[in-house]
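Heads up: the structure comes next, in structure tokens.
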């Protein structure tokens, strides 16, 4: 009996030890992922939690398409304007019902792919009514995550300013339950007032204590950058990067895969030689202005060795693979017409350092 008791104690000791080892292993595995935390310190940090926008069928309506609108949106291609011209003053589902459904399907397939990689996905509220010249599938621009701050951004185009409202429930939940800060930009004056400070997430890249902000005249402006510098304080250096007028955001011209590799369209910058020093040693996959306009530089960085890119550019994806990067490809056809790609569709809540 004593011998049997000894074996029982030995077994229990072994079982408890194994359990403790497993718990410690899981803790070490996830130590760098602090749940319920806002954190985005690098464009390429391992993505753990994210907001991805929605395409809601039957809600997009356009006004009359004339030369004044064409001049206001110089980043939209001629073919895209011809496409949009067919449903001016109409709902997209009345003219392009198959496309409307396809845009929804591709957004949801993207979400499922992201979830399959172990990333927690949040979605904005559903718009249940027609909206003029805006959708809610681009989560990148209305909210911006830098360090432990999530900024409620000031959008330039008036019709897009309503988009921030769709994220209020998520922002309220983060404010209540997460470590970090929700920050509002100064309120905008009606129209395009000279005092307005604009900052859109598609222009903003985070590289540790350096932040790059694109300036093309279409989205973010100098007042927005000035506000951001004051908000972030002396610990950060905020670089303004000038883009050509036909470019909407910085992520329409550049993608940072990790600390030394990326995708770029040299022709989209006013002066490529004026890029910050921290970007000059990068090994770039170069794309043409035509590819960039269709969002060849606009993908999701999952971690420093993994990205998701549009399947519209197999040659670009193959060149990225030759850098030693794992590439997942997914359909994102609406980037052809609405000036936004995969990066435009998500905003990080938490990335591992």
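Suppose the chain between residue 326 and residue 82 were pulled fully straight at 0.36 nm per residue; how much longer would it get relative to their current alpha carbon spacing?
Working: separation 244, 0.36 × 244 = 87.84 nm, distance 3.62 nm.
Length gained, residue 326 through residue 82: 84.2 nm.
Starting from the Kirkwood radius over alpha-carbon pairs of segment 229-353, derive D by Stokes-Einstein at 37 °C in a medium of 0.692 mPa s and give it in µm² s⁻¹.
In µm²/s, the coefficient rounds to 216.
Going by how many other beta carbons lie within 10 Å of each one, how would you line up 35, 317, 77, fewest first?
Lowest count first: 35, 77, 317.
For the pair residue 277 and residue 129, what calculated FRET efficiency results from E = 1/(1 + (r/R0)^6), where r is the Cβ-Cβ distance and R0 = 51 Å, to the nearest 0.05? Please list the in-between numbers first.
Details: r = 48 Å, r/R0 = 0.95.
Calculated transfer efficiency: 0.60.
State the Kirkwood hydrodynamic radius of the chain in Å, one decimal place, computed from all pairs of distinct Cα atoms.
Numbers: mean 1/r = 0.0466 Å⁻¹.
That comes to 21.4 Å for the chain.
Would you give the gap between the C-alpha center of segment 200-226 and the C-alpha center of segment 161-182, rounded to a whole Å?
Taking the Cα centre of each part, segment 200-226 and segment 161-182 sit 21 Å apart.
Please determine, in degrees from 0 to 90 and to the nearest 10, the orientation of helix 2-30 with respect to the longest principal axis defined by the Cα atoms of the chain, where the helix direction is its Cα long axis.
20
Rank by packing, highest mean first: peptides 78-85, 206-213, with packing defined as the count of other Cβ atoms within 10 Å averaged across residues.
Going by the mean number of other Cβ atoms within 10 Å, highest first, we get 206-213, 78-85.
Can you pull the one-decimal nm distance between simple spin-label points at residue 95 and residue 234, each 7 Å off the Cα toward Cβ?
Placing both labels 7 Å along Cα→Cβ, they lie 5.5 nm apart.
If you line up the long axis of helix 222-232 against the longest principal axis of the chain, both from Cα atoms, how many degrees apart are they, to the nearest 10?
Compared with the principal axis, the helix lies near 20 degrees.
Taking the chain as the reference, fit the longest principal axis to its C-alpha atoms, fit the long axis of helix 97-116 to the helix C-alpha atoms, and give the angle between the two in degrees, 0 to 90, nearest 10.
Orientation of helix 97-116: about 30 degrees from the principal axis.
Looking only at the chain, where both bridge partners belong to it, what percent of the DSSP beta bridges are antiparallel (to the nearest 5)?
Among the beta bridges of the chain, antiparallel pairing accounts for roughly 50 percent.
With labels modelled as points extended 7 Å from the Cα through the Cβ direction, what inter-label distance (nm, one decimal) is found for residue 175 paired with residue 267?
Taking the two extended label points, one gets 4.6 nm.
Run the quick spin-label model on residue 226 and residue 148: label points 7 Å from Cα toward the beta carbon, then report their separation in nm to one decimal.
Those two pseudo-labels are separated by 2.9 nm.
How would 313, 205 line up from fewest to most surrounding beta-carbon atoms within 10 angstrom?
Lowest to highest Cβ neighbour count: 313, 205.
All of the numbers you see were taken from the coordinates with simple rules; none came from a lab. No experiment lies behind these values; they were computed from the predicted model shown. Cβ coordinates were reconstructed from backbone atoms using ideal geometry, including for glycine residues, and neighbour counts include every protein chain displayed.
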